[in-house]
Structures are given as C-alpha cells and as structure tokens.
Protein chains: 2
Amino acid sequence: MPATIHDVAARAGVSVATVSRSFTAPQTVRESTRASVLAVATALGYQPNRAARGLITGRTGNVGVIVPDLGNPYFHGVLEGAQSWARAADYAVFVADGQESAAEEEALIAAMGKQVDGIVLCSSRLPPARLATLEPEPTVVLLNRRVPGLPAVVIDSAGGMRQAAGHLAQLGHTRVAFVSGPRHSWSNQQRLRGLRAAARSHDLEVVTIGPVQPQFDSGVQAAEPVLRTGVTAVLAYNDLVAVGILSRLAELDVAVPAQLSVIGFDDIPLAAMVTPALTSVSAPTALAGKAAIDILLTRLGRPASPARAHDIRRLPATLVRRGSTAPPAALASAAAPVRAGTLNRA
Amino acid sequence: MPATIHDVAARAGVSVATVSRSFTAPQTVRESTRASVLAVATALGYQPNRAARGLITGRTGNVGVIVPDLGNPYFHGVLEGAQSWARAADYAVFVADGQESAAEEEALIAAMGKQVDGIVLCSSRLPPARLATLEPEPTVVLLNRRVPGLPAVVIDSAGGMRQAAGHLAQLGHTRVAFVSGPRHSWSNQQRLRGLRAAARSHDLEVVTIGPVQPQFDSGVQAAEPVLRTGVTAVLAYNDLVAVGILSRLAELDVAVPAQLSVIGFDDIPLAAMVTPALTSVSAPTALAGKAAIDILLTRLGRPASPARAHDIRRLPATLVRRGSTAPPAALASAAAPVRAGTLNRA
DNA sequence: ATGAAAGCGCTAACAT
DNA sequence: ATGTTAGCGCTTTCAT
C-alpha cells in the first residue's frame, strides 16, 4: 500500500494541509517545516496521487497526442519532441492512432476527453467545420493544420517546396512532376501552393500525378506514370512516396539522379538511408511536437480563449541536398566536353 | 461543466447508486430503469469521471508501454498492436521513450507508477536483478526479454535465425558474418544462440563483427569490416543495421546479392522499401504488442502472482526471402556454363 | 504559518 | 431492485 498524505502528515507531526502545501505552494509554509515534511515524504516514498489531485483541481496532468498513423515516421519526431517536453513539465503523454480516419479520430477525442487536459491533433483528418467546434472542451492544439481561432504549429511546407523547386530550376530542370498527396490534405495544399509559386518565378513547367496515399506503395505505382511524362525531375508529396519511386526506378534500371532527379518531403530518417540518399525538405518534427506541447500547456493556464498570435507557431522547413538530385541528363552531357559533339548532333 | 453522476440521477429520478450500477453492473438493475438511466446519460453527455472512479477502485484504466527508442520502427508495430488491443478493452495507453537508458527507464517506471495499472516493458535495458524486483507494484509484462517469474512475450529470434542461416547454407554459402548487436542485449544473445546452433548443423563458418549499436550508421560502418573477412553473406543484428550495410555497399559498388548476400532481422517496413529489398526475419511485432496487453489485462484481474505458464507467450519468427540473398558468386558462376572454364583456373 | 473540515465524482458496503 | 452513506486521497476555503 503506497503512502498517503495522511501517513506523511502523521509521521511529520503536521496536518495534511501542511503536507499538501509543502508540495503545491512551498512559499506558504515555513522553510523548516517544509524541509521535514519533504524528508518524511521521501523516506516513505510518498507521491501525491494524481487521480485524487485531479478530482479537485480538475486537471489530470495528462495530455493526448493523436496522430493519423503511428507507422508514419514523420510522427515519431513529433512524438519524441512532445514526449520529452511534456515530461519535463511533469505531464504524461497519451498517444493514439487515428488510422487515417476522421471517425476514428473523433472517437479517440471523445475517449481521451476526460483523461487529459488537452490534446495535440496532428495532421487532423477532421473537416474544418468540426475542428472549429472542438474547443473549449478539450483544449486542443493543431499540428500541420490551420483553422481560424485554433492554436496551431505549422511547418512552412510552402517555403520548403519553393526551395526544392528552386533547387531543381537552378540545376537546369525545366519540366518537373509532382506526385500529389491526398487532395483534401492541408499539407498537400500547402506544398502545391509553394510549388506553383516557385514554378511561376522559375519558369518551371509542372505536371501533377495523383493524388495518392502518402505511402511507399503509392510511390512504387507512381514511378512509371512519372516516367511517361518525360520530366527530368520529380517532387514527391513525402519521403515515403519518394522512396517508393526510387525503389521502382531501380527495378526499371532508371538511374537516379542521372536520368531522373527525385526530391522527397519531411526528411524522415529513411531519407538518409536509401541509395542514393534522398534530397528532401526537412521538417523540424521534434521541434514541432515540442512547440505544440508548449502552446498547449500555456493555454491550459489561461481560461479558454481564442488563439492569440502567440498561439500560432510557424516553423521553417529547409532543403537538404543529398544524392538524388543532379542536373538533367542533357545538361550533364553538355557539361562533359567529350560528349559535346554528340549533343549537337542530337 | 460536464454532467456528473448526480445530474443523471436527478434527471432520471433515481439514486446515484443506480446510475453507477447501470454502468458497472448492468445485470443488477432492472432493464427498464437501466434503459432510462442510459438515455438520460446520453442526453446529458455524461461519462463517468475516470479519476473519481480510480480513486475508489484503485484502477486507473490506463496502461503504460515503455520502449527503448520511439524512433525504432520495430516498436511501432508493437505500439500499434498494444494500442488497438488496449483500446478495445477500454484502456488508454501511455507511451514513453526510455532513450536506450536504464536510468531513464527507471525514472519512467516511477513516473508512470501511480497513473497506470500496469506496464509493458519492451526490450528493457534494466538488469535482470532489477526486473525481478519490479513486481508486484506495478504489474509488468516483459516484451522480448525473459526473467524468471515475470510474464513475457518473446519472439523466437533463435528460431528465426536458424531459418536465416539455413537459407544461406542451402544457397551454398559456407562462410558468413554476423554483425552483432549490443552485447548485453537479450535479443542479441538469442539471435547469436540460434546462429551458433544453425552453424553447427549446417557446417557454416561464422565470423562475428561488432558489437554495434542497433542503428543504420552502425551498418554503414560495419560494411567494410565485413567485406575484409571475405565472407559471401552477412547476417545483421537487425534491419536498420542491414540497411546501413546495404547503403555502404552501394557506395562501394559491391553488388548485392551477386557479390554479397545480406539478411536483416525484424522485417520492419523499411526492409521492403530498400533496393534490393531485404531478406529478413519477420517478427510479428503487432501481435507481440497485442499479446503483451492481453497478458497484462488478464493479470490485472488476478491478485499479484508469479507468472504462470500461460503468461509466457512465444511467437514464431519467419524468414521472408527477398532480393538481397542469392547463391555465392563462385557458385552462381559455376552454374553459368560459359564461365565454368574460368572458374577452374581460379 | 498552520489546522479543521468540506467536498471533488465516484463506487461499494449496507440497508431497505 | 434500489437508496443511503461512507469514504478513496487530495486541495482549498475558512479559522485560528
């Protein structure tokens, strides 16, 4: 039987109120009494019962994180960041997998409801109208999603995409493909927006393939359609899709980046593990997870209120150049003096 | 303000006890009253407050899962299995990352202690002596670890390794390398044990490299040492290491499987994504996670007792043959008639 | 600065 | 079958 506040009070010769205060409002109790209380508490291995505390404070000391797919490495970064930051603030983290389904996500929110003080909704599959009606119970923070009035941390995918497209343009590509993610995905819309903007300013022609599910297999299947378009480079919705493309290209004996440049998105650990290593737009996922928890805990301290400016955190994405991008085949040959003649004849 | 049991009782014209019973012991209340209570509850959006319930039952309705590294895909399978099975039983899952550290794991267990009814410890980094003293508070289930008296679900790595080594022997390999995982890792010991047994029965010579950390980079660094041993095949501690090896081999222009066969372990999603796709020993991780929760919930119903036979669950591992294994170069050439003469001269 | 006492929302005896 | 009531362990007025 674990020690209760009464055990500590008895052994320390004080009332339970004093013990309680020693923990929750240290400055209101005399230094010496507090010291002895704490000593007894340690000796007894006493730890306040969170459930009992929660019953009266209305706080659980828990936060929930709901992701659409635990199997997606992207969210591991988020989870790690959230996890460690929450723990530092003495909060525990519930994790749940929404299985890419709005209904499941809804059920999860309901189930978590009473057990957490707030929820971080990652890449929510819920429609905007529903998201807007979520607060004030529970308190939520969106990650990779924007809905007016709700706090959010968003990664600047559009900016990242601009860098990626700019990189390709600089290498000499003039016609590129984009393998699109789920049409209604907020992230996909951002990426597409960034791409369109970059295309205009760099005179890049973009052909879109998809939409596809953000998974490896989708990439495998998208490879040939991409090839058929005759582009010299392809931007994938995310790394999983990009690696799928890479995989199929290897089977087809299409050399990357010599014959086709490939760019992924998110820079998950996998991106650095494949051959050639994947050029990708790095999303600071751990930072995002941390920021989400940060906003959440801050908001918990305030009465329910619409998101202020400070409750929207924008994180930059940056291009990481690896081995999967190079100048298009034609230019590469042109650059090689021996082949110059050949090129002219072509 | 969420509805309480009193609100429901008042509106339904019954006592709080009846409301409580309608939820926790439906058969003890008349069908008609229960129906009306439930109707009122739904109308009011009433959901029992778990904290209050826990205070009295001593149960939290939560279970914890501690993994050594959230970034390791191996544990996602486990997490998904645990997650979904727990939710089906109306339990919520806390997830925590022990960061490959015994100290951190210890801290996590202490922190979770009061908030969960039991903990699943995955590939625990804690010394056996410490594990043995964990119970009865909290109730724990080990995953991929065996300690006398503690319930556990273990994947038969030794058996998987035997299949892997047998596969290589059958292909004609006679000398293979094993890139060992952490020396004190229980899993590593199992895998090594299986390998040794298979080596004896198949007349396979095994050279061991390592130990190394179970990560991609370790594989990258192990590739050249493996090459130097002159073996025709290599078994890696796990897929992450195997893919690292693959990656470095590609840089070195060593053809897989033509010049070197590579086998991984765990069959994480990544294994199927690389080129060539990795032959690997498949571990039923989701099943393992599910089994762990299953045992845990069963044990929660019983008074603390040493693990019975039923509390040890063994899951088989199976070899998945993909593109990274083939007969050794010499044999492959021998099989090709044109080269036979060349071979004889060698 | 400390103590006494009233609950937080719920379940589990114990009555009826 | 249902109601009454005493807490579970804690925080928080309100007194002292």
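Derivation of every value follows stated rules applied to the coordinates shown; laboratory data play no part. Quantities reported herein were computed from a predicted structural model and do not represent experimental measurements. Positions of Cβ are generated from backbone atoms using ideal geometry, with glycine treated the same way; all protein chains shown enter the neighbour counts.
Here the Debye sum runs over all C-alpha atoms of region B:232-289 as equal scatterers in vacuum, and log10 of I(q)/I(0) at q = 0.17, 0.18, 0.19 Å⁻¹ comes out as -0.49, -0.54, -0.60.
If the only charges are +1 at each Lys and Arg Cβ and -1 at each Asp and Glu Cβ, what is the size of the charge dipole of the protein assembly as shown around the Cα centre, to the nearest 20 debye? Walk me through the intermediate numbers first.
On the way: 64 positive and 50 negative charges, 98 e Å.
Roughly 460 debye for the protein assembly as shown.
Within the listed set B:L134, B:L142, B:L246, the Gaussian network model of chain B (springs between alpha-carbon atoms below 10 Å) gives the highest mean-square fluctuation for B:L134. Name the most mobile residue of B:S324, B:S218, B:S15, meaning the one with the largest mean-square fluctuation, in a Gaussian network model of chain B with Cα contacts below 10 Å. Taking springs between Cα atoms under 10 Å, the residue moving most is B:S15. Taking the C-alpha atoms only, the angle from helix B:239-251 to the longest principal axis of chain B is near 40 degrees. With contributions of -39500 (n - 2.57) from each DSSP H run of at least four residues, the per-residue ellipticity at 222 nm computed over chain A stands at -14500 deg cm²/dmol.
Would you list B:W186, A:W85 from fewest to most Cβ contacts within 10 Å?
On the way: B:W186 19, A:W85 22.
Ordered by Cβ neighbours within 10 Å, fewest first: B:W186, A:W85.
Label-to-label distances for B:D217 across copies, nearest first, come out at 3.4 nm, using points 7 Å from Cα in the beta-carbon direction.
If I take R0 = 41 Å and measure r between the Cβ atoms of A:A25 and A:M1 in this structure, what FRET efficiency does the formula 1/(1 + (r/R0)^6) give, to the nearest 0.05?
On the way: r = 27 Å, r/R0 = 0.66.
Plugging the Cβ-Cβ distance into 1/(1 + (r/R0)^6) gives 0.90.
Excluding residues on the same chain fewer than 8 positions from B:K114, give the aspartates and glutamates whose Cα lies under 20 Å from its Cα. The qualifying aspartates and glutamates are A:D7, A:D90, A:D117, B:D90, B:D97, B:E104, B:E105, B:E106, B:E135, B:E137. Over the C-alpha trace of region A:83-196, radius of gyration and Dmax come out as 17.3, 56 angstrom. Counting only alpha carbon atoms, the long axis of helix A:285-301 and the longest principal axis of chain A meet at about 30°. Take B:D90, move 7 Å from Cα toward the beta carbon, and the resulting point lies 3.2 nm from the same point in each other copy, nearest first.
Hey, what did chain B get for relative contact order, percent, Cα under 8 Å, at least 6 apart?
17
The Cα atoms of region A:132-185 cover 52, 19, 13 Å along the three principal axes, with the biggest extent listed first.
Based on the alpha-carbon gyration tensor of region A:18-125 and its eigenvalue square roots a ≥ b ≥ c, which shape applies: rounded if a/c is under 1.5, prolate if not and a/b is larger than b/c, or oblate? Prolate is the answer for region A:18-125, as a/c is 1.5 or above and a/b outweighs b/c. When B:H202, A:H76, B:H184 are arranged by Cβ crowding within 10 Å, least crowded first, meaning fewest neighbours, the order is B:H184, B:H202, A:H76. Panel order for B:R125, B:R321, A:R191, by other beta carbons found within 10 Å of each beta carbon, from fewest to most: B:R321, B:R125, A:R191.
Candidates B:V19, B:Y237, B:A317 compared by Cα position along the dipole of the protein assembly as shown: farthest toward the positive end lies B:V19, with charges placed on Cβ.
The orientation-averaged projected area of the convex hull spanned by the Cα atoms of chain B comes to 22.3 nm². Radius of gyration (Cα atoms) of region A:177-315, expressed as a multiple of 2.2 N^0.38 Å: 1.24. Which residue, A:T208, A:P269, A:A92, has the largest displacement toward the positive end of the dipole of the protein assembly as shown when charges sit on each Cβ (Lys, Arg +1; Asp, Glu -1)? Towards the positive end, the residue furthest out is A:A92.
About its Cα centre, the dipole of region A:84-196 is roughly 760 debye, where the only charges are +1 on Lys and Arg Cβ and -1 on Asp and Glu Cβ. Amide H to amide H distances under 5 Å link B:V234 with B:A177, B:S261, B:V262, B:I263, where only residues 5 or more positions off or on other chains count and H is placed in the peptide plane. Taking chain A as a Gaussian network of alpha-carbon nodes connected by springs under 10 Å, the highest mean-square fluctuation of the residues A:V220, A:V37, A:V67 belongs to A:V37.
Let me spell out the model: positive unit charges on the Cβ of Lys and Arg, negative unit charges on the Cβ of Asp and Glu, origin at the Cα centre of chain A. What dipole size does that give, in debye rounded to 20? Walk me through the numbers on the way to the answer.
Values: 32 positive and 25 negative charges, 186 e Å.
Charge dipole, chain A, about its Cα centre: 900 debye, nearest 20.
Between B:E205 and B:E251, the contour length at 0.36 nm per residue exceeds the Cα-Cα span by 13.8 nm. Peptides A:228-235, A:311-318 ranked from most to least packed give A:228-235, A:311-318, packing being the mean of other C-beta atoms within 10 angstrom over each peptide's residues.
Under the rule a/c < 1.5 gives rounded, and otherwise a/b versus b/c splits prolate from oblate, where does region B:162-257 land using the Cα gyration tensor? Don't jump to the answer; show the numbers that get you there.
On the way: a/c = 2.01, a/b = 1.16, b/c = 1.73.
In terms of gyration-tensor shape, oblate.
Shielding by partners for peptide A:272-281, expressed as the average number of C-beta atoms from other protein chains within 10 Å of each residue's C-beta, is 4.
First check a/c for the protein assembly as shown, with a ≥ b ≥ c the square roots of the eigenvalues of its C-alpha gyration tensor; if it is under 1.5, answer rounded, and if not, answer prolate when a/b is larger than b/c or oblate otherwise. It comes out oblate by the Cα gyration axes.
Neighbours of B:N144, meaning other residues whose beta-carbon lies under 12 angstrom from its beta-carbon, give a summed charge of +4 when Lys and Arg score +1 and Asp and Glu score -1. With axes computed from alpha carbons, what is the tilt in degrees of helix B:157-171 against the longest principal axis of chain B, rounded to the nearest 10 within 0 to 90? With both axes taken from Cα atoms, the answer is about 30 degrees.
Taking beta carbons within 10 Å but only from partner chains, what does the mean come to for residues B:41-52? Before the final figure, lay out the partial values.
Working: counts 0, 0, 0, 0, 2, 0, 4, 1, 5, 6, 13, 5.
Per residue, the average neighbour count from other chains is 3.
Summarising the label geometry, the points placed 7 Å from Cα in the beta-carbon direction at B:T229 and B:Q259 lie 1.8 nm from one another.
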